[in-house]
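Q: Sharing a structure below in structure tokens format, with a few things to ask.
Nothing in this text is a laboratory measurement; each read-out follows from the coordinates by a stated rule. Everything quoted here is computed from the prediction, not taken from an experiment. Glycine gets a Cβ as well: all are built from the backbone with ideal geometry, and neighbour counts include every protein chain shown.
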Amino acid sequence: MIVSSYDGLPYHLKLIFLYLSIFPENHEIRCTRLLRRWMAEGYIAKNRDMPVEDVGERFYNELMNRSMIQPCKKKNSPFVNGARCRVHSMVLQIILSKFMEENQLFLVKKHCNEIPESKVRHLVVSGWKRRDDKLESVKFSYVRSLTVFKECPASLISPKLHLLRVLDLEDTLNLKNQDLRYVGELYHLRYLSLRGTKVSKLPSLKNLRYLETLDIQDTKMTQLPDGIAKLDKLRYLLAGVNFSKELLRCPVKEKNTESEMDNRKARLLGNMTTCFCSNSSDICRVSCLDGLCVRAPVGLEKLRNLHMLGVINVGQGNGVAGKLKKLTNLRRLGVTCVTEEGQELCKLIETLSHLQRLEVRSDSLEFLDKSEKFEPPKHLVSISLYGNLLKLPKWIDSLHNLAKLRLLGTKLEQGDISRLRGLRRLTLLGLWTNSYEGTSLHFDGDKFPKLKFLDIDGLEKIETIKINEKAMPELEQLWVNNCKALQECKILTTACPEYRIC
């Protein structure tokens, strides 16, 4: 059955489907990670009628619709959607066997004695436990992608990988700065991910002229590497801390925080609480935000091909926001700033006509409401606002395409929540720590006709939550978490949501 399903795939899907065998059993695969790797490998042909990202997403959805991959939950999240997937174990065994038979893939595991001597295109190292010199017989000159899970052998990354296109070291456990000393010599590299590692510095990348993706998110890097302004093919630049509520939710222990998150993230947790959840505005300054982003380097505005940028500090006082107006291809932007830079940031956002996703973190977001005649891009589908807002900006009513809204530390009132009913296409609403000041949260009337996901988390003052019968007819999933004062939760909607209250 599985083999016949594979045989029935159109040609353009077969190779990208086999490519999934790179990832271990039960591994959660981000759609964006997969798409950018496909692009780097050249598996997605350019289409003059459609951006390459949209072509890749269409292929991904085809695999999902054919049940070749399964949607899964993000860790610590109740919501199942297509943003992450996994491959069923039986399917994985079949495609892994096919890919290895063709000498396309070789998997080096823990105490593996067999080392590939043939020309292998994709090399995967998973939990390597032997001496590094055992890998010296690998014909690195033929390897196009190198993916490491768990421990990374210290001498693995070398100039021998001179045809390498993809270097994916996401979440490797023991990666050191010194291990990456040759990465700037991998001239054909198109995809470089160090996400979730403890790397704090990279060598100059000025010679990586083909690089399309640089992912240093959730690392210890607060400055971008030298030579970044020369990478004119760069499309995705991800940096800073992924500001998800999982980090806020994770408890900080007095001792041995390593088991929950590393010491740096524990410190960042304190910074975020200070910035967005404190009553004292005096200490909510950019010093708290510095560890959550990277500083914009000189010449960043030269990267005209950028589609995604963040999280960048535009509150450095040297006109960074103004310079970024030249990045007219941006689809996604994440920034931190202080109030003094707010007007410049608003002017920047107005000029980015292709912008679809926006994330703003600040000690105070009140400038978003005070900016006269501010007109955000009409194509915005996702907004995340992290900081003291007090009331929703007037312009938010004009965002008729907005599908996702996440709020943290905004300190809104019931009237602001009621105003959101005008966003007729809203499918996800996240109300996180200190985003709402009231003790009662009420959704009534015919509000939120398209809302599918409602996430209420960390609203410590909330005593009552009520969702009336006609309020959310499409609601599928509801999560109410960490609302310590909650006494009553009435869900009267005609929908039958999957819900969790804890």
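Q: Which order results if TRP395, TRP128 are arranged by neighbouring Cβ count within 10 Å, fewest first?
A: The fewest-first ordering by Cβ neighbours comes to TRP395, TRP128.
Q: In the neighborhood of ARG331, defined by Cβ-to-Cβ distances under 12 Å, what is the net charge if each Lys or Arg adds +1 and each Asp or Glu adds -1?
A: Charge balance near ARG331 sits at +1.
Q: Where Rh denotes the Kirkwood radius from the mean inverse Cα pair distance, what is Rg over Rh for segment 1-99?
A: 0.95
Q: What's the ranking of 301-307, 456-462 by average number of surrounding C-beta atoms within 10 Å, highest first?
A: Top of the packing list down: 456-462, 301-307.
Q: Please label the shape of segment 376-502 as rounded, prolate or oblate, based on the square roots a ≥ b ≥ c of the eigenvalues of the alpha-carbon gyration tensor (a/c under 1.5 means rounded; beyond that, a/b larger than b/c means prolate, else oblate).
A: Note, shape of segment 376-502 comes out oblate.
Q: Taking the beta-carbon count within 10 Å as an exposure proxy, list VAL52, VAL360, VAL91 from fewest neighbours to most.
A: Neighbour counts put them in this order, fewest first: VAL52, VAL91, VAL360.
Q: Based on the mean of other Cβ atoms within 10 Å per residue, sort peptides 188-199, 443-454 so the most packed one is first.
A: 188-199, 443-454
Q: Once phi is turned into θ = phi - 60°, what whole-Hz ³J(HN,Hα) does the Karplus curve with 6.51, -1.76 and 1.60 give for every residue of segment 7-18, x standing for Gly and Pro?
A: These are the phi-based 3J(HN,Hα) values: 4, x, 5, x, 3, 5, 9, 4, 5, 5, 6, 4 Hz.
Q: Which net charge results for the neighbourhood of GLU437, defined as the other residues with beta-carbon distances under 14 angstrom from its beta-carbon, given Lys and Arg at +1 and Asp and Glu at -1?
A: Local charge sum for GLU437: -1.
Q: Regarding segment 382-457, what is the average projected area of its C-alpha convex hull, in nm²?
A: For segment 382-457, the mean projected area of the Cα convex hull comes to 4.4 nm².
Q: Would you kindly give the portion of the calculated P(r) for segment 293-439 that falls above 28 Å, as a percent of all Cα pairs?
A: 14
Q: Going highest first, how would you order 350-356, 473-479 by mean Cβ packing within 10 Å? Walk me through the numbers before you get to the answer.
A: Details: 350-356: 16.9, 473-479: 19.0.
Ranked by mean Cβ neighbours within 10 Å, highest first: 473-479, 350-356.
Q: Now a separate question. Which ³J(HN,Hα) values in Hz, rounded to whole numbers, follow from the phi angles of segment 399-416 under the Karplus curve 6.51 cos²θ - 1.76 cosθ + 1.60, where θ = phi - 60° and Gly and Pro get x?
A: 8, 6, 9, 5, 10, 9, 9, 10, 10, 8, x, 7, 6, 8, 10, 4, x, 5
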